[in-house]
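Accompanying notes for the structure given below.
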Amino acid sequence: MAQGRGWEGAVLKLMRAKDFTLTVTGVEEVTGDYRRLHLTDGGLLAATGVHPTIWVRLWFDNAGKPHQRAYTLVDPDPAAGAFSLEFALHEGAASDWARAAQPGDTIEATVQGTGFERPAPAPSHVLVIGDPASLPAINSLLGPDEGALGSAPATVWFEGSPDGTAGLPFRTDPARHEIRHVPRRDAGAHLVARVKAELPALLTATPDPYVWIACDTLTTRTLTSYLRKELAVPKDRLHALGYWRAS
Ligand SMILES: Cc1cc2nc3c(=O)[nH]c(=O)nc-3n(C[C@H](O)[C@H](O)[C@H](O)COP(=O)(O)OP(=O)(O)OC[C@H]3O[C@@H](n4cnc5c(N)ncnc54)[C@H](O)[C@@H]3O)c2cc1C
């Protein structure tokens, strides 16, 4: 348990983190680079409840060392005690575990840090910047199931190679959600340039915009600072969280 995970685990434990054992019940190859696992939740959803974009910290093994990474719950079903997880695959211990996962495999989870504040007033237009790692969260925000942000139109700048994004399970509604595919180039600088060129006009054309950003940490930080400082987007109309660290 926490003791075996070093100071980080111990701190989470002190912060009343909860531990659950998840068991894989099925696997789906969505694309060559994207894998969905079905899991039973070990009592997690009954203890935590469900909110849009809910995520957990999973404890992978990395050459004998604990390796904690965050993943978003897909289709959480508290009555069944089950959910799915979707893994954008690349190199890394979490990806390796997901690639090899088979029914019966287990993984420990801690719930700490997740949350969701419904913006008020409800957004008149949602501006999203993300990539395959944040697709589960984007689906949860915009998808028809939860309707977390109401029925507002959305524009999504989605970063990734055309090969890597074909066949991804978008749950967006083409009638009101526009996906703008942006190839990942220059460590995210190309995405930043596209957003700077295209977002300001949309932002000023709507009364109650809401911006949601989840890309690599540096791109997320650059865009957040641009939106706050140069476009004066108020804090409560912008949610930003770096989802992965580019190396
Ligand atoms: C709140 C939250 C929710 C998240 N939900 C999901 C989710 O539902 N699905 C999902 O796939 N990811 C999700 N992520 C991102 C995931 O936690 C990271 O991608 C994580 O780094 C993967 O760990 P790893 O062990 O596979 O690779 P690491 O050991 O962290 O990194 C290994 C190498 O892979 C590179 N790398 C890491 N992540 C990515 C990436 N996404 N794309 C390209 N290169 C990468 C690194 O730069 C490094 O070179 C979420 C992150 C957060 C903060």
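Structure data summary
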{"read-out": "Helices (runs of 4 or more DSSP H) lying entirely in the stretch 155-240 (those with 1 or more residues that are more than 22 Å from HIS90 (Cα to Cα) and either in contact with a strand residue (DSSP E or B) (Cβ under 6 Å, 6 or more places away or on another chain) or among the charged types (D, E, K, R) (or both))", "value": "189-204, 217-225"}
{"read-out": "Top-ranked residue in the stretch 171-206 [being touching a Gly at 6+ places or on another chain (Cβ under 9 Å) and either farther than 17 Å from LEU135 by Cβ or at pLDDT 95 or above (or both); ranked as surrounded by the most Cβ atoms within 10 Å (Cβ to Cβ)]", "value": "VAL182"}
{"read-out": "The stretch 46-66, residues that are under 25 Å from LEU168 (Cβ atoms) and either in contact with a strand residue (DSSP E or B) (Cβ under 9 Å, 6 or more places away or on another chain) or of a type in the set (Asp, Glu) (or both)", "value": "VAL50, THR53, ILE54, TRP55, VAL56, ARG57, LEU58, PHE60"}
{"read-out": "Residues within the stretch 194-247 that are of a type outside the set (A, V, I, L, M, F, W, C) and within 16 Å of the ligand (Cβ to nearest atom), tallied", "value": "11"}
{"read-out": "In the stretch 27-51, residue nearest to the ligand (Cβ to nearest atom) [restricted to those that are crowded, with 18+ Cβ neighbours inside 10 Å and farther than 21 Å from PRO103 by Cβ]", "value": "ASP33"}
{"read-out": "Filtered residues of the stretch 186-232 (kept if among the acidic types (Asp, Glu) and more than 21 Å from GLY160 (Cβ to Cβ))", "value": "ASP208, GLU230"}
{"read-out": "GLU108 of a type in the set (D, E, K, R), more than 10 Å from the ligand (Cβ to nearest atom) and crowded, with 16+ Cβ neighbours inside 10 Å", "value": "yes"}
{"read-out": "Sole residue being out of contact with any helix residue (DSSP H, G or I) (no Cβ under 6 Å at 6 or more places or on another chain) and touching a residue at least 60 places away in the same chain (Cβ under 8 Å), chosen from ASP96, ASP33, ASP131", "value": "ASP131"}
{"read-out": "Sole exception among (1) polar (S, T, N, Q); (2) assigned to a helix (DSSP H, G or I); (3) more than 8 Å from the ligand (Cβ to nearest atom) for GLN68, by number", "value": "(2)"}
{"read-out": "Candidates ALA152, ALA148 - the one that is assigned to a loop (DSSP other than H, G, I, E, B) and within 20 Å of LEU241 (Cβ to Cβ)", "value": "ALA148"}
{"read-out": "Of the criteria (1) of a type outside the set (Gly, Ala, Ser); (2) buried (at least 19 other Cβ atoms within 10 Å of the Cβ); (3) within 23 Å of ASP236 (Cβ to Cβ), which one ASP131 fails", "value": "(3)"}
{"read-out": "Residue that is modelled with the lowest pLDDT [pool: residues in the stretch 135-152 that are over 18 Å from VAL30 (Cβ atoms) and open to solvent by 50 Å² or more (accessible area, probe 1.4 Å)]", "value": "GLU146"}
{"read-out": "Top-ranked residue of the stretch 71-93 - restricted to ones that are out of contact with any Asp or Glu (no Cβ under 9 Å at 6 or more places or on another chain) and free of Cβ contacts under 8 Å to residues at least 40 places away in the same chain, ranked as nearest to the ligand (Cβ to nearest atom)", "value": "GLY92"}
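The values are calculated or read from the model by the stated rules, or taken from the named source; none is laboratory data. Please read these numbers as outputs of a predicted model, since none were measured by experiment. All Cβ positions, glycine included, derive from the backbone under ideal geometry; neighbour counts span all protein chains shown. To get the accessible areas, we keep the full protein, side chains included, count just its heavy atoms, and leave off ligands, DNA and RNA. Shrake-Rupley method; radii C 1.70, N 1.55, O 1.52, S 1.80 Å.
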